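*Asks:* Supplied in C-alpha cells, the structure appears directly below.
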Amino acid sequence: RFFANVQENDAVRDAFARFEDVMKHAADDLSEAGEGAAAFGTALADASGALRGEDGGADVVHIVQGIITAAHQMETRAKELEQRLEDASHEVTQLKDEVEAMRVEATTDALTGLANRKKFDSSLREAATESQETGEPVSLLMLDLDHFKNFNDEHGHLIGDHVLRLLSTVVQQCIKGRDLAARFGGEEFAVILPATSLANAKNVANVIRERVSKKAIINRVTGQELGIITLSIGAAQYRPEEPLMEFVSRADAALYRAKRGGRNRVISEIEGEPRVAAGV
C-alpha cells in the first residue's frame, strides 16, 4: 500500500529479510532448548530407573549428583535461551520501528511535512467508505496559492519553498482530529474533513484563508518584506457511491471558480462563479 518506488521496496525487502533471519535464529534456539529439555527428561528417567533398582547407598549419592548436574545444565541452557530470545525481541522491535519510519516517510511530503498524494488517495478512500457506512458527511477542500508562479519567478524557489512550508503550518493549525491535510501537487493542497458538512467545511476554509492572508512574508537573509500571499479555495461534499475522482473534480472546479472570481476567496460546489468588479 505504501511503498511504490524501487528504493522504498528495496528497503522494505531488506527489513523483512532481517526479520526472517531473526525468526529463523529464534526457531533454532527454541529447537535447541527442546532438545535440551528432552535430554534432561531422559536423564531424570534414567535416574528414576536406577533408583528403583538400587541396593547400595553410595550409588544413590552418585545418581543424585548426576541429577543435580543435569539440572544445572538445563538451567544454564534456559538462561542462554532467555537471553537469545530477549535479543531477538529487541531486534524485532527495532525492525518494526524502522519499517514504521519508512512507512511514514513514504507517505509524507518531504518539503512541507504534510501527507503526500499517495497518503491523500488512501485517506480519501477510507473517509468515503466510512461516510457510506455511517451516513456522516465528509467534505473536501482544494487550496491553491494565488499567483504563486509569479512569486517564485520574482523571489526565487527558496523563498517559494518557505511560503509552502508556512502554508502547511497554518493549515495544520486550523484542522483537528481526523482531518487530514495533504500536498496535492505543486502549490495545490487538499484537506479531507470527515464528519463535516459543506457549510462547516467552508467555515474551516475561510479560517485558513484569513490566517494565511495575515502572514507577512519576509526574506530571512535580507530582512526584506515581500508582502502577503493569498489562497483560493474550493469546497465539496461527498455524494454516496460517487467515484472519488468526481468528488475531487467538483472541489477542484469550485477552486477554479474562486480563482476566476477574483482569488483570495472560498467557493463551494453549490455556488456559482461570483461577479468580478470592473478593473479586478
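The values are calculated or read from the model by the stated rules, or taken from the named source; none is laboratory data. Bear in mind the structure is a predicted one, so any value in this text is a computation, not a measurement. Just so you know, the surface numbers come from the protein's heavy atoms only, side chains and all, with ligands and any DNA or RNA stripped out. Shrake-Rupley method; radii C 1.70, N 1.55, O 1.52, S 1.80 Å.
*Asks:* Heavy atoms only, probe 1.4 Å: what % of the accessible area of the stretch 175-280 goes to carbon and sulfur, would you let me know? Present the calculation step by step, with values, prior to reporting the outcome.
*Replies:* On the way: 2770 of 5600 Å².
The computed percentage sits at 49.
*Asks:* Once a ≥ b ≥ c are taken as the square roots of the eigenvalues of the Cα gyration tensor of the stretch 144-280, is the result rounded (a/c under 1.5), prolate (a/b larger than b/c) or oblate (a/b not larger than b/c)?
*Replies:* Numbers: a/c = 2.04, a/b = 1.50, b/c = 1.37.
Because a/c hits 1.5 or more and a/b exceeds b/c, the stretch 144-280 counts as prolate.
*Asks:* Which whole-number percentage describes the relative contact order of the stretch 90-177, with Cα contacts under 8 Å and a sequence gap of 6 or more? Working shown, then result.
*Replies:* Details: 27 pairs, mean separation 20.2, N = 88.
This gives 23 percent for the stretch 90-177.
*Asks:* Now, a different point. Using Cα-Cα distances under 8 Å and only pairs 6 or more residues apart, what relative contact order does the stretch 172-280 have, in percent? The partial results should precede the final answer.
*Replies:* Details: 152 pairs, mean separation 21.6, N = 109.
Worked out over the stretch 172-280, it gives 20 percent.
*Asks:* With a probe of 1.4 Å, find how much accessible area the stretch 125-280 has per residue, and write the answer as a whole number in Å². Mind showing how you got there, number by number?
*Replies:* Values: 8100 Å² over 156 residues.
Spelled out: the 1.4 Å probe surface of the stretch 125-280, per residue, equals 52 Å².
*Asks:* OK, next. Give the lysines reachable from K259 as a straight Cα distance under 23 Å; neighbours fewer than 8 places away on the same chain don't count.
*Replies:* Within reach: K149, K202, K214, K215.
*Asks:* Another question about this same structure. For the stretch 192-272, what does the alpha-carbon gyration tensor say about shape, rounded, prolate or oblate, given a ≥ b ≥ c as the root eigenvalues, a/c under 1.5 as rounded, and a/b over b/c as prolate? Kindly include the intermediate steps, with their values, before the conclusion.
*Replies:* Values: a/c = 2.66, a/b = 2.30, b/c = 1.15.
Prolate.
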